[in-house]
1. Restricting attention to region 1-18, and to residues there that are of a type in the set (Asp, Glu) and not in a loop (DSSP other than H, G, I, E, B), which single residue is nearest to residue 105 (Cα to Cα)?
2. Considering only region 64-97, state which residues are closer than 18 Å to residue 6 by Cα and either within 21 Å of the chain's Cα centre (by Cα) or part of a loop (DSSP other than H, G, I, E, B) (or both).
3. When the residues of region 220-238 are narrowed to those that are more than 17 Å from residue 285 (Cα to Cα) and either touching a helix residue (DSSP H, G or I) at 6+ places or on another chain (Cβ under 7 Å) or in a loop (DSSP other than H, G, I, E, B) (or both), which ends up nearest to ligand 1 (Cβ to nearest atom)?
4. Filter region 137-158 down to the residues that are open to solvent by less than 10 Å² (accessible area, probe 1.4 Å) and either outside any helix (DSSP H, G or I) or in contact with a Cys (Cβ under 7 Å, 6 or more places away or on another chain) (or both) and list them by number.
5. Given the options 22, 26, 45, name the one that is away from ligand 2 (no atom under 16 Å from the Cβ), in contact (Cβ under 8 Å) with a residue 12 or more places away in the chain, farther than 21 Å from residue 104 by Cβ and buried (at least 23 other Cβ atoms within 10 Å of the Cβ).
6. Looking at 2, 43, 28, which is the one that is under 15 Å from residue 307 (Cβ atoms) and modelled with pLDDT of 95 or more?
7. If we scan region 105-113, do we find a residue that is within 23 Å of residue 61 (Cα to Cα), open to solvent by 20 Å² or more (accessible area, probe 1.4 Å), hydrophobic (A, V, I, L, M, F, W, C) and within 16 Å of ligand 2 (Cβ to nearest atom)?
8. Restricting attention to region 119-136, and to residues there that are within 8 Å of ligand 1 (Cβ to nearest atom) and part of a helix (DSSP H, G or I), which single residue is farthest from residue 186 (Cα to Cα)?
Amino acid sequence: MKRDFLHIVDFSSEEIQELLDLAVRLKKEYQEKGENPPLLKGKVLGMIFQKPSLRTRVSFDMAMRHLGGDALYLSPQEIGLGKREAISDVARVLSGYVHAIMARVFDHEHVLELARWASVPVINGLSDYNHPCQAMADALTIQEVFGKQKGLNITFVGDGNNVAVSLMHICVRLGWNFTIANPEGYDLNPRAVAQAQEIAAQTGSRLRFLRDPHEAVRDADVIYTDTWTSMGQEEEAAQREKVFPPYQVNAQLVSEARPHVIVMHCLPAHRGQELTDEVADGPHSVIFPQAHNRLHAQKAILARLFNVL
Ligand code: CP
Ligand code: NVA
(Lines give C-alpha, C1' and ligand atoms only; values in the text may rest on other atoms or scores of the structure.)
(Ligands and ions follow the chains in the order given, each with its own letter.)
Protein backbone atom coordinates (compact mmCIF):
# COMPACT_ATOMS: atom_id res chain seq x y z
CA MET A 1 0.00 0.00 0.00
CA LYS A 2 1.27 3.47 -0.82
CA ARG A 3 2.03 5.82 2.06
CA ASP A 4 1.42 9.58 1.95
CA PHE A 5 3.05 12.34 4.00
CA LEU A 6 0.12 14.54 4.97
CA HIS A 7 0.26 15.07 8.73
CA ILE A 8 2.95 14.57 11.39
CA VAL A 9 0.43 12.66 13.53
CA ASP A 10 0.06 9.99 10.82
CA PHE A 11 3.55 8.81 11.81
CA SER A 12 4.46 7.26 15.14
CA SER A 13 7.14 8.74 17.40
CA GLU A 14 9.49 5.94 16.29
CA GLU A 15 8.80 6.58 12.61
CA ILE A 16 9.42 10.32 13.01
CA GLN A 17 12.71 9.67 14.79
CA GLU A 18 13.73 7.15 12.10
CA LEU A 19 13.05 9.76 9.42
CA LEU A 20 15.12 12.31 11.33
CA ASP A 21 17.98 9.83 11.73
CA LEU A 22 17.81 9.11 8.02
CA ALA A 23 17.93 12.84 7.28
CA VAL A 24 21.05 13.16 9.44
CA ARG A 25 22.66 10.27 7.54
CA LEU A 26 21.80 11.67 4.10
CA LYS A 27 22.95 15.15 5.11
CA LYS A 28 26.30 13.89 6.42
CA GLU A 29 26.81 11.79 3.30
CA TYR A 30 26.03 14.74 1.04
CA GLN A 31 28.29 17.10 2.97
CA GLU A 32 31.21 14.67 3.11
CA LYS A 33 31.04 13.22 -0.41
CA GLY A 34 29.27 16.03 -2.25
CA GLU A 35 26.62 13.56 -3.38
CA ASN A 36 24.08 10.91 -2.39
CA PRO A 37 23.60 7.63 -4.25
CA PRO A 38 21.09 7.83 -7.15
CA LEU A 39 18.40 5.96 -5.25
CA LEU A 40 15.59 7.70 -7.13
CA LYS A 41 17.02 7.32 -10.64
CA GLY A 42 14.20 7.46 -13.16
CA LYS A 43 11.72 8.78 -10.60
CA VAL A 44 9.90 12.09 -11.06
CA LEU A 45 8.14 14.15 -8.40
CA GLY A 46 5.24 16.27 -9.70
CA MET A 47 5.03 19.48 -7.66
CA ILE A 48 1.66 21.26 -7.66
CA PHE A 49 1.80 24.81 -6.31
CA GLN A 50 -1.33 26.88 -5.71
CA LYS A 51 0.75 29.44 -3.79
CA PRO A 52 4.24 30.95 -4.11
CA SER A 53 7.28 29.21 -2.62
CA LEU A 54 11.05 29.52 -2.40
CA ARG A 55 12.13 26.87 0.11
CA THR A 56 9.59 24.14 -0.63
CA ARG A 57 9.96 24.39 -4.37
CA VAL A 58 13.75 24.55 -4.52
CA SER A 59 14.48 22.10 -1.70
CA PHE A 60 12.19 19.40 -3.12
CA ASP A 61 13.60 19.92 -6.60
CA MET A 62 17.18 19.69 -5.33
CA ALA A 63 16.39 16.73 -3.06
CA MET A 64 15.13 14.80 -6.10
CA ARG A 65 18.20 15.79 -8.16
CA HIS A 66 20.63 14.80 -5.38
CA LEU A 67 18.97 11.38 -5.24
CA GLY A 68 19.23 10.95 -9.01
CA GLY A 69 15.61 11.76 -9.81
CA ASP A 70 13.80 14.72 -11.26
CA ALA A 71 11.04 17.14 -10.32
CA LEU A 72 8.36 18.83 -12.38
CA TYR A 73 7.04 22.23 -11.27
CA LEU A 74 3.36 22.85 -11.94
CA SER A 75 2.46 26.47 -11.32
CA PRO A 76 -0.86 27.83 -10.01
CA GLN A 77 -1.72 28.96 -13.55
CA GLU A 78 -1.23 25.54 -15.09
CA ILE A 79 -3.37 23.07 -13.19
CA GLY A 80 -6.32 25.01 -11.83
CA LEU A 81 -6.80 22.36 -9.15
CA GLY A 82 -10.55 21.90 -8.64
CA LYS A 83 -11.28 24.76 -11.04
CA ARG A 84 -10.07 23.82 -14.51
CA GLU A 85 -10.37 20.17 -13.59
CA ALA A 86 -11.72 18.04 -10.74
CA ILE A 87 -9.10 17.14 -8.15
CA SER A 88 -9.96 13.46 -8.50
CA ASP A 89 -9.20 13.66 -12.23
CA VAL A 90 -5.95 15.58 -11.71
CA ALA A 91 -4.84 12.94 -9.20
CA ARG A 92 -5.60 10.01 -11.48
CA VAL A 93 -4.07 11.59 -14.58
CA LEU A 94 -0.87 12.67 -12.82
CA SER A 95 -0.50 9.23 -11.22
CA GLY A 96 0.13 7.86 -14.71
CA TYR A 97 2.89 10.37 -15.46
CA VAL A 98 4.88 10.89 -12.25
CA HIS A 99 5.95 8.64 -9.38
CA ALA A 100 4.94 10.90 -6.47
CA ILE A 101 3.08 14.19 -6.03
CA MET A 102 3.91 17.10 -3.75
CA ALA A 103 1.14 19.68 -3.39
CA ARG A 104 0.90 23.12 -1.79
CA VAL A 105 -2.76 24.05 -1.54
CA PHE A 106 -5.08 26.60 0.03
CA ASP A 107 -7.74 24.21 1.33
CA HIS A 108 -6.42 21.26 3.33
CA GLU A 109 -9.29 19.12 2.00
CA HIS A 110 -7.74 19.43 -1.46
CA VAL A 111 -4.49 17.72 -0.54
CA LEU A 112 -6.49 15.01 1.23
CA GLU A 113 -8.60 14.52 -1.88
CA LEU A 114 -5.51 14.34 -4.08
CA ALA A 115 -4.10 11.65 -1.79
CA ARG A 116 -7.38 9.72 -1.84
CA TRP A 117 -7.44 9.53 -5.61
CA ALA A 118 -3.74 9.32 -6.51
CA SER A 119 -2.20 5.87 -6.81
CA VAL A 120 1.23 7.38 -6.08
CA PRO A 121 2.42 8.87 -2.75
CA VAL A 122 1.25 12.41 -2.01
CA ILE A 123 3.27 14.87 0.10
CA ASN A 124 1.67 17.89 1.74
CA GLY A 125 3.84 20.91 0.92
CA LEU A 126 1.67 23.23 3.09
CA SER A 127 -2.04 23.75 3.39
CA ASP A 128 -4.15 26.22 5.34
CA TYR A 129 -4.16 23.62 8.16
CA ASN A 130 -0.58 22.38 8.51
CA HIS A 131 2.98 22.21 7.16
CA PRO A 132 4.45 18.82 8.08
CA CYS A 133 7.60 19.01 5.91
CA GLN A 134 8.52 22.22 7.71
CA ALA A 135 8.14 20.52 11.08
CA MET A 136 10.53 17.75 10.04
CA ALA A 137 13.21 20.32 9.17
CA ASP A 138 12.46 22.14 12.43
CA ALA A 139 12.92 18.99 14.52
CA LEU A 140 16.12 18.14 12.65
CA THR A 141 17.45 21.60 13.48
CA ILE A 142 16.42 21.35 17.14
CA GLN A 143 18.10 17.94 17.50
CA GLU A 144 21.26 19.26 15.87
CA VAL A 145 21.47 21.90 18.59
CA PHE A 146 20.17 20.03 21.64
CA GLY A 147 20.57 16.33 20.78
CA LYS A 148 17.73 13.88 21.24
CA GLN A 149 16.79 14.84 24.80
CA LYS A 150 13.13 14.88 25.75
CA GLY A 151 11.52 17.66 27.79
CA LEU A 152 12.82 20.60 25.72
CA ASN A 153 10.64 23.70 25.95
CA ILE A 154 9.50 24.90 22.53
CA THR A 155 7.54 28.17 22.50
CA PHE A 156 5.66 29.46 19.49
CA VAL A 157 4.84 33.17 19.60
CA GLY A 158 2.27 34.57 17.17
CA ASP A 159 -0.57 33.23 15.05
CA GLY A 160 -1.92 29.72 15.75
CA ASN A 161 -1.40 28.85 12.11
CA ASN A 162 -0.44 25.92 9.87
CA VAL A 163 3.23 26.02 10.90
CA ALA A 164 2.27 26.10 14.59
CA VAL A 165 0.00 23.06 14.16
CA SER A 166 2.75 20.88 12.69
CA LEU A 167 5.31 22.16 15.20
CA MET A 168 2.97 21.28 18.08
CA HIS A 169 2.44 17.82 16.62
CA ILE A 170 6.12 17.05 16.18
CA CYS A 171 6.80 18.32 19.71
CA VAL A 172 4.33 15.89 21.26
CA ARG A 173 5.58 13.04 19.08
CA LEU A 174 9.15 13.66 20.29
CA GLY A 175 8.33 14.28 23.96
CA TRP A 176 9.03 18.01 23.88
CA ASN A 177 6.93 20.57 25.76
CA PHE A 178 5.01 22.95 23.53
CA THR A 179 3.75 26.38 24.54
CA ILE A 180 2.00 28.88 22.33
CA ALA A 181 1.26 32.52 23.07
CA ASN A 182 -1.22 34.01 20.64
CA PRO A 183 -3.84 36.75 20.70
CA GLU A 184 -7.47 35.91 21.31
CA GLY A 185 -9.19 34.97 18.05
CA TYR A 186 -6.01 33.45 16.60
CA ASP A 187 -5.99 30.14 18.47
CA LEU A 188 -4.73 26.84 17.12
CA ASN A 189 -7.23 24.58 15.35
CA PRO A 190 -9.13 22.77 18.14
CA ARG A 191 -9.01 19.42 16.34
CA ALA A 192 -5.21 19.71 16.10
CA VAL A 193 -5.06 20.58 19.79
CA ALA A 194 -7.21 17.57 20.74
CA GLN A 195 -4.90 15.27 18.74
CA ALA A 196 -1.86 16.83 20.42
CA GLN A 197 -3.37 16.34 23.88
CA GLU A 198 -4.02 12.69 23.18
CA ILE A 199 -0.43 12.09 22.05
CA ALA A 200 1.04 14.21 24.85
CA ALA A 201 -0.72 11.99 27.39
CA GLN A 202 1.34 9.08 26.04
CA THR A 203 4.70 10.81 25.48
CA GLY A 204 4.75 13.02 28.58
CA SER A 205 4.83 16.35 26.74
CA ARG A 206 3.34 19.38 28.46
CA LEU A 207 1.08 21.65 26.40
CA ARG A 208 0.33 25.26 27.32
CA PHE A 209 -1.95 27.72 25.52
CA LEU A 210 -1.23 31.26 26.71
CA ARG A 211 -1.91 34.85 25.74
CA ASP A 212 1.19 36.43 27.30
CA PRO A 213 4.36 36.06 25.19
CA HIS A 214 6.57 37.00 28.15
CA GLU A 215 5.22 34.19 30.30
CA ALA A 216 5.45 31.83 27.32
CA VAL A 217 9.16 32.38 26.63
CA ARG A 218 10.29 32.03 30.24
CA ASP A 219 12.27 28.75 30.34
CA ALA A 220 12.10 28.43 26.55
CA ASP A 221 14.90 26.51 24.81
CA VAL A 222 13.39 27.44 21.45
CA ILE A 223 11.38 30.50 20.43
CA TYR A 224 9.58 30.06 17.13
CA THR A 225 7.62 32.64 15.19
CA ASP A 226 5.98 32.99 11.79
CA THR A 227 4.21 35.60 9.72
CA TRP A 228 1.16 37.31 11.20
CA THR A 229 -0.66 36.95 7.87
CA SER A 230 -0.41 33.66 6.05
CA MET A 231 -0.89 33.15 2.33
CA GLY A 232 -4.60 33.35 1.58
CA GLN A 233 -5.33 35.78 4.46
CA GLU A 234 -4.08 38.92 2.71
CA GLU A 235 -7.36 40.80 3.13
CA GLU A 236 -6.97 40.49 6.94
CA ALA A 237 -3.43 41.90 6.93
CA ALA A 238 -4.33 45.40 8.16
CA GLN A 239 -6.37 44.06 11.09
CA ARG A 240 -3.66 41.55 11.99
CA GLU A 241 -1.00 44.27 11.97
CA LYS A 242 -3.02 46.03 14.68
CA VAL A 243 -3.36 42.92 16.88
CA PHE A 244 0.02 41.21 16.66
CA PRO A 245 2.72 43.81 17.56
CA PRO A 246 2.86 42.68 21.24
CA TYR A 247 3.88 39.28 19.85
CA GLN A 248 6.97 40.54 18.03
CA VAL A 249 10.06 38.44 18.71
CA ASN A 250 12.61 41.14 19.51
CA ALA A 251 15.80 41.34 21.58
CA GLN A 252 13.86 42.10 24.77
CA LEU A 253 11.65 39.01 24.43
CA VAL A 254 14.62 36.79 23.56
CA SER A 255 16.49 38.05 26.65
CA GLU A 256 13.64 36.73 28.83
CA ALA A 257 14.20 33.12 27.68
CA ARG A 258 16.97 30.71 28.71
CA PRO A 259 20.42 32.09 27.80
CA HIS A 260 21.03 29.32 25.24
CA VAL A 261 17.64 29.85 23.51
CA ILE A 262 17.54 29.44 19.76
CA VAL A 263 15.20 31.49 17.57
CA MET A 264 13.46 29.80 14.66
CA HIS A 265 11.25 30.95 11.79
CA CYS A 266 10.02 28.89 8.84
CA LEU A 267 10.53 31.92 6.53
CA PRO A 268 9.64 34.00 4.63
CA ALA A 269 10.11 36.50 7.48
CA HIS A 270 8.54 39.92 7.61
CA ARG A 271 11.44 41.68 9.25
CA GLY A 272 10.29 44.43 11.55
CA GLN A 273 6.96 42.70 12.13
CA GLU A 274 7.04 39.26 13.78
CA LEU A 275 10.84 39.25 13.96
CA THR A 276 13.34 42.12 14.23
CA ASP A 277 16.50 42.26 12.11
CA GLU A 278 18.52 42.25 15.31
CA VAL A 279 17.09 38.87 16.31
CA ALA A 280 16.95 37.37 12.80
CA ASP A 281 20.64 38.13 12.27
CA GLY A 282 21.70 37.79 15.91
CA PRO A 283 23.53 35.05 17.81
CA HIS A 284 20.41 33.09 18.81
CA SER A 285 19.02 32.80 15.29
CA VAL A 286 19.16 29.48 13.41
CA ILE A 287 16.82 30.54 10.61
CA PHE A 288 19.20 29.77 7.74
CA PRO A 289 20.41 26.32 8.90
CA GLN A 290 16.73 25.62 9.58
CA ALA A 291 15.81 26.57 6.00
CA HIS A 292 18.69 24.47 4.64
CA ASN A 293 17.48 21.48 6.63
CA ARG A 294 14.34 21.38 4.49
CA LEU A 295 16.55 19.76 1.83
CA HIS A 296 17.84 17.02 4.11
CA ALA A 297 14.58 16.29 5.91
CA GLN A 298 12.74 15.98 2.60
CA LYS A 299 15.33 13.62 1.15
CA ALA A 300 14.51 11.31 4.03
CA ILE A 301 10.76 11.66 3.43
CA LEU A 302 11.20 10.95 -0.30
CA ALA A 303 13.49 7.96 0.27
CA ARG A 304 10.99 6.49 2.71
CA LEU A 305 7.90 7.06 0.55
CA PHE A 306 9.70 5.56 -2.44
CA ASN A 307 10.74 2.63 -0.22
CA VAL A 308 14.40 2.88 -1.18
CA LEU A 309 15.83 3.33 2.35
N1 CP B 1 8.99 27.75 4.78
C2 CP B 1 8.45 27.57 3.57
O3 CP B 1 7.66 26.65 3.33
O4 CP B 1 8.88 28.46 2.64
P5 CP B 1 8.30 28.64 1.15
O6 CP B 1 6.92 29.22 1.31
O7 CP B 1 9.24 29.60 0.48
O8 CP B 1 8.26 27.30 0.50
N1 NVA C 1 2.17 30.46 7.70
C2 NVA C 1 2.81 30.79 6.46
C3 NVA C 1 3.93 29.84 6.19
C4 NVA C 1 4.70 30.06 4.93
C5 NVA C 1 5.75 29.04 4.70
C6 NVA C 1 1.80 30.76 5.34
O7 NVA C 1 0.98 29.84 5.29
O8 NVA C 1 1.83 31.67 4.50
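1. First, the residues of region 1-18 that are of a type in the set (Asp, Glu): 4, 10, 14-15, 18.
Cutting the leftovers down to not in a loop (DSSP other than H, G, I, E, B) gives us 10, 14-15, 18.
Details: 10: 19, 14: 28, 15: 25, 18: 27 Å.
Here the residue is 10.
2. Answer for region 64-97, where residues must be closer than 18 Å to residue 6 by Cα and either within 21 Å of the chain's Cα centre (by Cα) or part of a loop (DSSP other than H, G, I, E, B) (or both): just 95.
3. 231
4. 152, 154, 155, 156, 157, 158
5. 26 is the lone residue from the list that is away from ligand 2 (no atom under 16 Å from the Cβ), in contact (Cβ under 8 Å) with a residue 12 or more places away in the chain, farther than 21 Å from residue 104 by Cβ and buried (at least 23 other Cβ atoms within 10 Å of the Cβ).
6. On the way: 2 fails: modelled with pLDDT of 95 or more; 28 fails: under 15 Å from residue 307 (Cβ atoms).
Result: 43 is the single residue among 2, 43, 28 that is under 15 Å from residue 307 (Cβ atoms) and modelled with pLDDT of 95 or more.
7. Yes, there is a match, as at least one residue in region 105-113 is within 23 Å of residue 61 (Cα to Cα), open to solvent by 20 Å² or more (accessible area, probe 1.4 Å), hydrophobic (A, V, I, L, M, F, W, C) and within 16 Å of ligand 2 (Cβ to nearest atom).
8. Residues of region 119-136 that are within 8 Å of ligand 1 (Cβ to nearest atom), as a first pass: 125-126, 131, 133-134.
So of that shortlist, the ones also part of a helix (DSSP H, G or I) come out as 133-134.
On the way: 133: 23, 134: 20 Å.
Filtering region 119-136 for residues that are within 8 Å of ligand 1 (Cβ to nearest atom) and part of a helix (DSSP H, G or I), the one farthest from residue 186 (Cα to Cα) comes out as 133.
The values are calculated or read from the model by the stated rules, or taken from the named source; none is laboratory data. Note that this is a predicted model, so its numbers are computed, not measured. Don't worry about glycine lacking a Cβ; one is built from the backbone with ideal geometry, like all the others, and counts go over all protein chains shown. Remember, those area values only see protein heavy atoms, side chains included, never the ligands or the DNA or RNA. Shrake-Rupley method; radii C 1.70, N 1.55, O 1.52, S 1.80 Å.
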